[in-house]
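Here is the structure we will look at, set down as structure tokens.
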Amino acid sequence: MTLRPYLYPQNLVRQFASALLLKKTTGWRHFVPWLFNGAFRSIPVAAGSVGMGCIGFGYHAVWEVTEACNFSCRHCHAKSGKAGPDELTTSEAHQFIRQVRDVGRFQMLVFTGGEPLVRPDIDDLLRYSKSLGLINVIATNGSLIDRKRALELKKLGVKGIAVSFDSTDRDIHNHIRCNPQAFDLALRAIEACKAAGMVVQFNYTAMTENLATLEDVVHFCHGVHADIMLCYQLVPMGRGGNIADSALSPGQNRELMNTIRRLQRESVTIVEPVAGPQYWPHLLKRDNKDPKPTASRTLFHGCAAGWGLVYVKPNGDVWTCPFVPISGGNVREQSLREIRKHGDIFVKLRDRNQLKGACGDCANRYICGGCRGKAYAATGDPLGEDPTCYIHHTEKPDYLEWMHLSD
């Protein structure tokens, strides 16, 4: 029997080593229970992950299947609402999914949006992806998932579900999501997907409006035995640009990293920052005065833009990250493999020596690299320095000034 790539011994060893390094650097007390329970459940969704970093640390594609959404969240980077006029058709989508499969290293496909479950042919797309041997994950607001739908999704090859969850305070969550039922519907989806045996992930977006509830969210994840919590930070783009003042300052970024590290010790849920790659040198207690090489570079990679992740827009444009709105090519015209290998923005961001300013000079650029999305939002240059790195900056970046200049 041929092993699936995510079961290759070298991949399993790296996943184990990453979790062991997390244990060492945070004092994580739940490593052993995770190893004998959570690891086996999460390995297929990790899909051959070779370490830890922004949005995980593996080779995978995230596909924004539609711009349509039944919510209008305040921080949405995609300005989701109505379906776009040039979204991939069903047949084009099948061709794209084959391209994902043909990359080889890609074993998992994340369906996101908008709200992916409002796309009329979503079941067909999930079924087709499953037939090609890909592992399906859905990133959703949770509003359309009850127990029946969760079981249907599992039959369609959905191994993991990532539910947006911005606060344990019902009013705060509903305010951010601009829907008075958002909180209760998210809880229903979480319960239904756990009952169906899926890997459950929480997607939390930190901003000034909900930062005070971060600790409660981590405790809640632990209480329901969520497998993963991705702790995003607000990157002011799309509709999120309207609330740029809610983005975190360097000091709040440091507070966030300290809080996550402290809470990880007692949480069964693995918490990973997104748009905060300073977490990895933070765990290793490295600052820019410590240029010594470290073996941890093979396990902590920081920003994933241009490296393992591809983010595909509804019209087929391929970005390096959901927060770097620069296309490396379009899957209607080129293969995903070629775009990922030769697309100009992918080539540039893979080379950390091309980073500019403080990020380019920083000894941590290989295990952090700064957030390319924040750099673009603040300067218009994806190779620029991360304005919220607390090692190098103290003042809150003026995203509004750049956004005004770029109008």
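The values are calculated or read from the model by the stated rules, or taken from the named source; none is laboratory data. Computed from a prediction, not measured in an experiment: that's the story for all the values here. Reconstructed Cβ throughout: ideal geometry from the backbone, glycine too, with neighbour counts over all protein chains shown. The protein model used for the area step is the full one, side chains on, heavy atoms only, and it has no ligands, DNA or RNA in it. Shrake-Rupley method; radii C 1.70, N 1.55, O 1.52, S 1.80 Å.
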- Item | Options PHE111, PHE165, PHE183; residue that is modelled with pLDDT of 95 or more and closer than 22 Å to VAL268 by Cβ | PHE165
- Query: Would a scan of region 78-89 turn up a residue that is crowded, with 24+ Cβ neighbours inside 10 Å, assigned to a strand (DSSP E or B) and either at pLDDT 85 or above or over 17 Å from the mean Cα position of the chain (by Cα) (or both)?
  - Reply: no
- Message: Let me confirm something: among LEU309, LEU256, LEU284, which residue is modelled with pLDDT of 95 or more and among the hydrophobic types (A, V, I, L, M, F, W, C)?
- Response: LEU256
- Item | First in region 184-202 and open to solvent by 10 Å² or more (accessible area, probe 1.4 Å), second anywhere and among the hydroxyl-bearing types (Ser, Thr, Tyr), Cβ under 6 Å, 6 or more apart | LEU185/SER143
- Query: Does PRO325 count as modelled with pLDDT under 95 and surrounded by fewer than 22 Cβ atoms within 10 Å (Cβ to Cβ)?
  - Reply: no
- Restricting the search to region 293-312, which residues are closer than 26 Å to ALA247 by Cβ and open to solvent by less than 30 Å² (accessible area, probe 1.4 Å)? PHE300, GLY302, CYS303, ALA304, ALA305, GLY306, GLY308, LEU309, VAL310, TYR311, VAL312
- For region 210-241, what are the residues that are open to solvent by 20 Å² or more (accessible area, probe 1.4 Å) and touching a Cys at 6+ places or on another chain (Cβ under 8 Å)? GLY238, ARG239
- Item | Any helices (runs of 4 or more DSSP H) falling wholly within region 347-407 and containing at least 2 residues that are in contact with a Leu (Cβ under 9 Å, 6 or more places away or on another chain) and either open to solvent by less than 70 Å² (accessible area, probe 1.4 Å) or within 20 Å of LEU234 (Cβ to Cβ) (or both) | 357-361, 372-379
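Go through the residues of region 159-167 one by one and say whether even a single one is farther than 24 Å from PRO44 by Cα, touching a residue at least 24 places away in the same chain (Cβ under 8 Å) and of a type outside the set (Phe, Trp, Tyr). Talk me through it step by step, then tell me what you get.
Going through region 159-167, the residues farther than 24 Å from PRO44 by Cα turn out to be 166-167.
From what's left, touching a residue at least 24 places away in the same chain (Cβ under 8 Å): 166-167.
Retained after the next criterion (residues that are of a type outside the set (Phe, Trp, Tyr)): 166-167.
Checking region 159-167: at least one residue is farther than 24 Å from PRO44 by Cα, touching a residue at least 24 places away in the same chain (Cβ under 8 Å) and of a type outside the set (Phe, Trp, Tyr).
Among the listed residues CYS69, CYS54, which satisfies the condition of being touching an Asp or Glu at 6+ places or on another chain (Cβ under 6 Å), open to solvent by 10 Å² or more (accessible area, probe 1.4 Å) and within 26 Å of GLY373 (Cβ to Cβ)?
Values: CYS54 fails: touching an Asp or Glu at 6+ places or on another chain (Cβ under 6 Å).
Step by step, each of CYS69, CYS54 is checked, and only CYS69 is touching an Asp or Glu at 6+ places or on another chain (Cβ under 6 Å), open to solvent by 10 Å² or more (accessible area, probe 1.4 Å) and within 26 Å of GLY373 (Cβ to Cβ).
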- Item | Number of the exception - GLN334 against (1) open to solvent by 10 Å² or more (accessible area, probe 1.4 Å); (2) part of a helix (DSSP H, G or I); (3) of a type outside the set (Lys, Arg); (4) free of Cβ contacts under 8 Å to residues at least 40 places away in the same chain | (2)
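Only residues that are open to solvent by 60 Å² or more (accessible area, probe 1.4 Å) and either in a helix (DSSP H, G or I) or in contact with a Leu (Cβ under 8 Å, 6 or more places away or on another chain) (or both): list them for region 90-106, please.
Keep residues of region 90-106 that are open to solvent by 60 Å² or more (accessible area, probe 1.4 Å), which gives 91, 95, 98, 101-102, 105.
Answer for region 90-106, where residues must be open to solvent by 60 Å² or more (accessible area, probe 1.4 Å) and either in a helix (DSSP H, G or I) or in contact with a Leu (Cβ under 8 Å, 6 or more places away or on another chain) (or both): SER91, GLN95, ARG98, ARG101, ASP102.
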- Message: Which numbered condition in (1) of a type in the set (A, V, I, L, M, F, W, C); (2) surrounded by fewer than 18 Cβ atoms within 10 Å (Cβ to Cβ); (3) without any contact (Cβ under 8 Å) to a residue 60 or more places away in the chain is the only one that VAL118 fails?
- Response: (2)
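Pick out the one residue from PHE40, PHE31, PHE36 that is in contact with a Lys or Arg (Cβ under 6 Å, 6 or more places away or on another chain), modelled with pLDDT under 95, open to solvent by 10 Å² or more (accessible area, probe 1.4 Å) and farther than 23 Å from THR140 by Cα. Talk me through it step by step, then tell me what you get.
Values: PHE40 fails: in contact with a Lys or Arg (Cβ under 6 Å, 6 or more places away or on another chain); PHE36 fails: in contact with a Lys or Arg (Cβ under 6 Å, 6 or more places away or on another chain).
None of the others qualify; the one that does is PHE31.
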- Note on the structure: In the set LEU144, LEU126, LEU109, LEU151, the lone residue that is of a type outside the set (Lys, Arg), crowded, with 23+ Cβ neighbours inside 10 Å and not in a strand (DSSP E or B) is LEU126
